[in-house]
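Below: one structure, written as structure tokens.
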């Protein structure tokens with residue numbers, strides 16, 4: 001019995017030694033793919049009311065593991081993106097929303113909220129403050145606004161940027177188990193056990209590089225298994241429904257010949273044609289009456305924001321940034337893409353409250369043909385240059401485009 005206990009003790013000690021060694025090895029080797037996620041993790045901290053917030057007084061240089069972007073990410077004493085502390089006497093313009101607002105993809109000074117700092121509107125010169133936090137839906141944004149509106153003074157304007165991920169999700173992603181942020185929040189809002197477990201895993205993976213790497217590996221494995229299952233099912237149905245076409249497409253596809261007539265150094269043709277090999281457009285947008293209403297949790301969050309605006313005396317301005325390239329390409333060609341339905345649904349709600357929505361869709365035509373510099377080379381911009389490939393966040397010129405468009409929309413009241 002004693003020998004058996006000794007063996008168990010040796011195995012436990014050996015296991016702990018392996019874990020400690022692995023943790024130290026990861027920290028010393030600092031693999032780029034994991035370091036990106038590590039840096040992002042350490043920029044955040046747990047918040048008892050809305051789950052995750054930005055860590056206060058943090059500064060890190062974040063480099064994407066695939067070199068898609070890099071930049072300095074700083075937070076002030078309130079955990080807001082950027083170095084500047086709130087000026088008690090300055091009239092304030094707040095930017096509220098998710099990672100697009102927070103500014104993943106660019107340095108502090110290049111976020112569109114930072115570019116709005118010092119903006120003069122009427123008699124006021126505004127200090128802009130960035131309340132954005134990644135993965136926030138409507139409910140998270142409302143709680144963030146409720147928390148900080150009690151800590152900040154002289155708030156005049158709140159720009160609430162509505163994201164399609166707040167309350168809608170393409171079916172192909174739903175099939176992979178990915179739900180809209182508001183839907184996820186509604187599932188967990190009153191689940192104390194889930195909240196307790198979330199805090200434990202959040203704090204543990206923040207503390208340990210090894211645990212975070214294991215969690216990332218598990219999540220990626222789940223995603224790959226789901227994608228494999230869906231793709232295998234689709235291929236099986238394709239083979240059963242039309243065996244001849246399946247065989248021809250699989251084994252006798254004619255190689256695509258390169259088009260040598262294209263000028264590789266030429267800029268984009270404006271307006272840029274729809275890449276029909278990627279998606280197609282429809283002729284016009286549906287009426288809001290034909291679309292489902294917003295969910296109860298989304299409406300609740302919006303109503304709470306309106307109540308906060310009345311309580312603290314600021315103007316709440318919902319803003320819709322067209323951020324899905326399908327929407328943009330279709331619009332500049334006089335068409336419509338159904339991914340824009342979320343905007344119609346949101347605008348319909350705000351219209352019932354008498355609150356106008358700032359829509360940046362009319363400014364899309366200004367994207368094409370703009371000069372910009374990329375990796376030291378002068379370029380001419382097309383629509384895709386405004387967004388980080390495979391990521392979807394705004395690039396430097398994308399943030400500038402949003403800031404310029406928002407300024408022009410706000411200035412309309414004073415013309």
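The values are calculated or read from the model by the stated rules, or taken from the named source; none is laboratory data. In this text the structure is predicted, and so the values were computed from the model without any measurement. Don't worry about glycine lacking a Cβ; one is built from the backbone with ideal geometry, like all the others, and counts go over all protein chains shown.
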* **Residue that is surrounded by the most Cβ atoms within 10 Å (Cβ to Cβ) [pool: residues in segment 74-92 that are outside any loop (DSSP other than H, G, I, E, B) and in contact with a helix residue (DSSP H, G or I) (Cβ under 7 Å, 6 or more places away or on another chain)]** => 81
* Any idea which of 353, 407, 377 is in contact (Cβ under 8 Å) with a residue 60 or more places away in the chain, surrounded by fewer than 18 Cβ atoms within 10 Å (Cβ to Cβ) and more than 24 Å from residue 280 (Cα to Cα)? -> 407
* At least 3 residues that are under 30 Å from residue 51 (Cα atoms) and modelled with pLDDT of 75 or more in each: list the helices (runs of 4 or more DSSP H) lying fully within segment 192-277 that qualify. => 192-207, 209-241
* Structure fact -> Expected single match for farther than 28 Å from residue 181 by Cβ, touching a helix residue (DSSP H, G or I) at 6+ places or on another chain (Cβ under 9 Å) and surrounded by 15 or more Cβ atoms within 10 Å (Cβ to Cβ) among 54, 26 is 26
* Flag if residue 344 is under 19 Å from residue 159 (Cα atoms) and touching a residue at least 12 places away in the same chain (Cβ under 8 Å) -> yes
* Asked: (1) at positive phi; (2) over 18 Å from the mean Cα position of the chain (by Cα): which one isn't true of residue 390, the others all being true?
  -> (2)
* Identify, please: which residue in segment 288-312 is without any contact (Cβ under 8 Å) to a residue 12 or more places away in the chain and farther than 30 Å from residue 155 by Cβ and is, among those, surrounded by the fewest Cβ atoms within 10 Å (Cβ to Cβ)? -> 289
* Asked: Are any residues in segment 118-133 over 22 Å from residue 52 (Cβ atoms) and in contact with a helix residue (DSSP H, G or I) (Cβ under 9 Å, 6 or more places away or on another chain), and if so, which ones?
  -> 119, 121, 122, 128
* Can you give me the number of residues within segment 192-229 that are touching a residue at least 60 places away in the same chain (Cβ under 8 Å) and within 20 Å of residue 32 (Cβ to Cβ)? => 8
* Starting from residues that are part of a loop (DSSP other than H, G, I, E, B) and surrounded by fewer than 18 Cβ atoms within 10 Å (Cβ to Cβ), keep the ones in segment 32-49 and report whichever is modelled with the lowest pLDDT. => 49
* Do you know which residues across segment 109-143 are assigned to a helix (DSSP H, G or I), over 16 Å from the mean Cα position of the chain (by Cα) and closer than 17 Å to residue 85 by Cα? -> 109, 114, 115
* Within the bounds of segment 146-159, is there any residue that is touching a helix residue (DSSP H, G or I) at 6+ places or on another chain (Cβ under 8 Å), surrounded by 12 or more Cβ atoms within 10 Å (Cβ to Cβ) and assigned to a helix (DSSP H, G or I)? -> yes
* Can you tell me which residues in segment 169-186 are assigned to a helix (DSSP H, G or I) and touching a residue at least 60 places away in the same chain (Cβ under 8 Å)? -> 181, 182, 183, 185, 186
* Check whether at least one residue in segment 310-318 is at pLDDT 90 or above and either closer than 25 Å to residue 390 by Cβ or assigned to a loop (DSSP other than H, G, I, E, B) (or both), and report yes or no. => yes
* Sort out which residues of segment 329-339 are surrounded by 20 or more Cβ atoms within 10 Å (Cβ to Cβ) and in contact with a strand residue (DSSP E or B) (Cβ under 9 Å, 6 or more places away or on another chain), and write them in order of number. => 330, 337
